[in-house]
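Chemist: One structure, pasted below without further comment.
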Amino acid sequence: MILVCVVFPNSSIASNPAIYTVGLSSGRPAFGNLVGSTSGTATFTETPAGVITASNGGDFDPHAASRTVSAQTITVNCGTGNNCGNQNVRIQVTLGTLTGRITSATMTATMGTAILVSGTTSGSALDFTIKPIGKSSSKNFTLGFTINASQAGTVSASTAPYTIIASGGVADTSGSNATSASAAIYKGLSLGSTQNLDFGSIVVGASSGTVALNALGTTRAATGGVTLVKSQASNPVLPALFSISGETGTNVTVSFTTDSLTGPGTTMTFAANSTVVGVVTLGSSATPVTVGGTVTVNASQTPGVYNGMVHMTVSYN
């Protein structure tokens, strides 16, 4: 019988295992201030490049077509072990407990210097393999996020926490790190219009003038060649009535624009005034807004019915 014993130097065994660490860039997925849908669930998607878009009734505060933030770059580092150069690395990204108004979330990994071998790189849980990191080297990928948001709860910070784990062989030391995607999600603004503005009937003269209705609709006055006709049931004098609903206790900015009045004759300019303008704090019930205005009537204005539009714009501060 021949007994063979092969002895390896301790140094060769000790140098084989890989030691992994996971680093995160400072630009974690921070969505900023978002505005949800007035009904249902709004969706906000951040690409791995950091471009955020809104859909399903969602919006940004302040309003914008999109928003660009710093992308989340995840860097996997490996030490001096021989396995760093020959061992594929398994990457797992898992979501924690969602908070606030975020109801669900998915992630998308896009390879940077890391080279994908196989696995799942998009979904609510990621599990994929990349090629070896290399001794004393690092590889990276970026992470995009999609969050769905409801209007339940309060506007306090909403988060989608997640953990990244990088692991190799049995003898290797795994690395991990954790952070959160975050957003402040406001209820969608709902604007109502329940009554049109009507200046009533007037008689025009040879000279120009104006007809003005105060914001409450309680006082109407004329200047120049304009004579007022008493309000009639068939053509009453009325202010416009709007309403604003949104996040209770938050400030919004209200502004108005108007279109000229058009009809059978020359157009007439129109300026609006309102009981609410500038910054207002929303209550638990709808905030009423009453609008009047002033119309400039041309000399010898052609008789007839003239119409225009009042546009109310509301945005969170």
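Chemist: Just to be sure I understand the curve: with the Debye formula and one point per C-alpha of the chain, what is log10 I(q)/I(0) at q = 0.07, 0.10, 0.11 Å⁻¹?
Modeler: Evaluating at q = 0.07, 0.10, 0.11 Å⁻¹ gives log10 I(q)/I(0) of -0.50, -0.72, -0.79.
Chemist: Work out, step by step, the length gained on full extension between N214 and A64: first 0.36 nm times the residue separation, then minus their alpha carbon distance; give nm to one decimal.
Modeler: Extra length from N214 to A64 when fully extended: 50.6 nm.
Chemist: Placing +1 on the Cβ of each Lys and Arg and -1 on the Cβ of each Asp and Glu in the chain, which of G293, G263, Q232 has its Cα farthest towards the positive end of the resulting dipole?
Modeler: Farthest along the dipole direction, towards plus: G293.
Chemist: Using 0.36 nm per residue, how much length does the chain from T103 to N16 gain when fully extended, once their Cα-Cα distance is taken away?
Modeler: Full extension from T103 to N16 adds 26.9 nm.
Chemist: How much of R67 can a 1.4 Å solvent probe reach, expressed as accessible area in Å² and rounded to 10?
Modeler: Using a 1.4 Å probe on the heavy atoms, I get roughly 50 Å².
Chemist: Sticking with this one: Can you tell me the accessible area per residue over the chain, all protein chains present, probe 1.4 angstrom, in square angstrom?
Modeler: The answer is 48 Å² per residue.
Chemist: Okay, which of region 51-71 sit inside 20 Å, backbone N to the point 7 Å along the Cα-Cβ direction of S26?
Modeler: 51, 68-71
Chemist: Same structure, new question: Report in % the part of the accessible area of the chain that belongs to carbon and sulfur, leaving out ligands and nucleic acids; probe 1.4 Å.
Modeler: 55
Chemist: Then there's this: Mean residue ellipticity at 222 nm from the helices of the chain, using -39,500 (n - 2.57) per DSSP H segment of n ≥ 4 over the full residue count, to the nearest 500 deg cm²/dmol?
Modeler: Roughly -500 deg cm²/dmol at 222 nm, from the helical runs in the chain.
Chemist: Then there is this: Tell me which lysines have Cα within less than 17 Å of K131's Cα, excluding those fewer than 8 residues away on the same chain?
Modeler: Within the straight-line limit of under 17 Å, K131 reaches these lysines: K139.
Chemist: Which of L241, G200, T106 sits farthest toward the positive end of the charge dipole of the chain, with +1 on the Cβ of Lys and Arg and -1 on the Cβ of Asp and Glu?
Modeler: Result: T106.
Chemist: Mind checking the full-extension length gain between A233 and N140? Use 0.36 nm per residue of separation minus the Cα-Cα distance, one decimal, nm.
Modeler: 26.1 nm
Chemist: If contacts are Cα pairs under 8 angstrom and at least 6 residues apart, what is the relative contact order of the chain in percent?
Modeler: RCO, the chain: 17 percent.
Chemist: Under a Cβ-only charge scheme (Lys and Arg +1, Asp and Glu -1), can you give me the dipole magnitude of the chain about the Cα centre, in debye to the nearest 20?
Modeler: Using only the charged Cβ atoms, the result is roughly 320 debye.
Chemist: Under 22 Å from the Cα of K187, which lysines turn up, not counting those fewer than eight places away in the same chain?
Modeler: Within the straight-line limit of under 22 Å, K187 reaches no lysines at all.
Chemist: If you don't mind, there's one more thing I want to ask. For region 163-317, what ratio Rg/Rh do Cα atoms give with a Kirkwood hydrodynamic radius?
Modeler: When Rh is taken as the Kirkwood radius, the ratio is 1.38.
The values are calculated or read from the model by the stated rules, or taken from the named source; none is laboratory data. Only a predicted model underlies this, so the values are computations on that prediction, with no experimental measurement involved. All Cβ positions, even for glycine, are placed from backbone atoms using ideal geometry, and neighbour counts span all protein chains on display. To get the accessible areas, we keep the full protein, side chains included, count just its heavy atoms, and leave off ligands, DNA and RNA. Shrake-Rupley method; radii C 1.70, N 1.55, O 1.52, S 1.80 Å.
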